[in-house]
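Only one structure is covered here, and it is reproduced in the block below.
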Amino acid sequence: MDKYSKMSKSIKSKKISSNSTILVTGGTGYIGSHTIVSLIAAGYDPVIVDNLSNSKVSVLKRIAKIAGKKPPFYKIDIRNQKALDGVFQKHRISSVIHFAGLKAVGESVACPINYYENNIGGSLSLFSVMADRGVKNIIFSSSASIYGEPSVIPIKEGTMPAPTNPYARSKLIIEQILQDIYIGDPVWRMVILRYFNPVGAHESGLMGEDPQGIPNNLMPYITQVAVGRRKRINVFGDDYPTSDGTGVRDYIHVMDLAEGHTAALKKIVKMTLIKSKQKPLIVNLGTGRGYTVKEMIQTFAEISGKKIPYRITKRRPGDIATCYADTAMAQKILGWKAQRNLSDMCADAWRWQSQNPKGYV
């Protein structure tokens, strides 16, 4: 029996007492798929809805190999309320984790209508179906980008939002919609997770980040350069007020992030059992420290043993200099803290990409 077969056996042995069926929108995507593995490990039964606009159905086989079972999957755009409602009719869903949405900052600046229509329209469709079906527990995958260029670092949840691009504004609008839904119906239980920059991959190397087309995020670009798919990395600006002039971000391992969502789900289950009013909880998920783009490139090169060529280009519209989290709230409310360091992030990302140079096939 190999390592991952043992893992699957362990996962199957875990049980939970509450209604365990969880709908995960965008569940074949990068963060969603890793969260599916974490949910199964915690004893939940996820159901996946995804339109595959930025993911591949073959990830389901990888999930099954790691977790020991393949969750039900529906190729559905959540803006299609009739199709989405059919999933709620077929499964006794108790809670929803909502990932589905477009997420590239630069693209959102160029195509704002698409981002507002897709992200906000899709969310409204989902919330409507949930309300109709009496499913009122939700974890929303928001973003630290809503903070914009904060005046105080690290960023606390009480920091005034000041989004600088349509992607971030779409996330903030959805948060505000959820707040209004709660005001209208306090039965809802909501956790809004504002997370920072997910990187890395599952330690098995079976699952990782596989963006369609040219990557919009740093780590997959680095890994694709390392395996020869791309010639070099474009570093967008070296004139920021940081230690080496490149942008600083709070990079968090994707499995830490996945486990953060599972911790949030457990919190919602407790909130539901108590049956008392609970305002939407807003929680940052990050490591509490930042790394520059150049530090990321250098660390990955050291871990992989590969030279990572890069060139400096002009800043991207909507980008900011520094962004990293205050994580005290996550520890206090969710009992969660990131466990993996930058070396783990780079090593796991390299294991994934080196074993899967063309991503999911």
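A short reminder: the numbers here are calculations on the coordinates, not readings from a lab. These figures come from a predicted structure and were not determined experimentally. Every residue, glycine among them, receives a Cβ derived from its backbone with ideal geometry; neighbour counts consider all protein chains shown.
Assorted remarks:
- Out of every Cα-Cα pair that the chain contains, those further apart than 35 angstrom amount to 19 percent.
- Per the Debye formula on identical point scatterers at the alpha carbon atoms of segment 54-185, with no solvent, log10 I(q)/I(0) at q = 0.11, 0.12 Å⁻¹ is -0.48, -0.57.
- Dipole axis of segment 169-213 (+1 Lys, Arg; -1 Asp, Glu on Cβ), positive-most option in I174, V199, P211: I174
- Going from the fewest other Cβ atoms within 10 Å to the most, the residues T262, T313 appear in the order T313, T262.
- Selection from C323, G86, A301 lying farthest towards where the dipole of the chain points positive, charges on Cβ: G86
- Expressed per residue, the C-alpha convex hull volume of segment 159-240 stands at 178 Å³.
- Of all DSSP-defined beta bridges confined to segment 19-355, some 5% are antiparallel rather than parallel.
- Fewest-first sequence of M160, M255 by Cβ atoms within 10 Å of each Cβ: M160, M255
- Segment 90-141 and segment 161-184 have their alpha-carbon centroids 12 Å apart.
- Members of K65/K307; K294/K314; K156/K279; K270/K337; K70/K90 lying beyond 24 Å, as alpha-carbon distances in this model show: K65/K307
- Two-decimal Rg/Rh across segment 32-75, once Rg and the Kirkwood Rh are taken from alpha-carbon atoms: 0.93
- Span-like helix check, the chain: qualifying full DSSP H segments, with Cα axial length of 24 Å or more and mean Kyte-Doolittle of 0.0 or more, are 166-184, 254-274.
- Value at 222 nm in deg cm²/dmol, rounded to 500, when DSSP H runs of n ≥ 4 in the chain each add -39,500 (n - 2.57): -12000 deg cm²/dmol
- A simple charge model with +1 on the Cβ of Lys and Arg, -1 on the Cβ of Asp and Glu and nothing else charged puts the dipole of the chain at about 1160 debye relative to its Cα centre.
- Euclidean distance between Cα centres, segment 285-361 to segment 216-276, Å: 6
- For the pair H91 and I183 in one chain, pulling the backbone fully straight at 0.36 nm per residue adds 30.4 nm over the alpha carbon distance.
- For I93, neighbours were defined as the other residues whose beta-carbon sits under 15 Å from its Cβ, and their charges (Lys and Arg +1, Asp and Glu -1) total +2.
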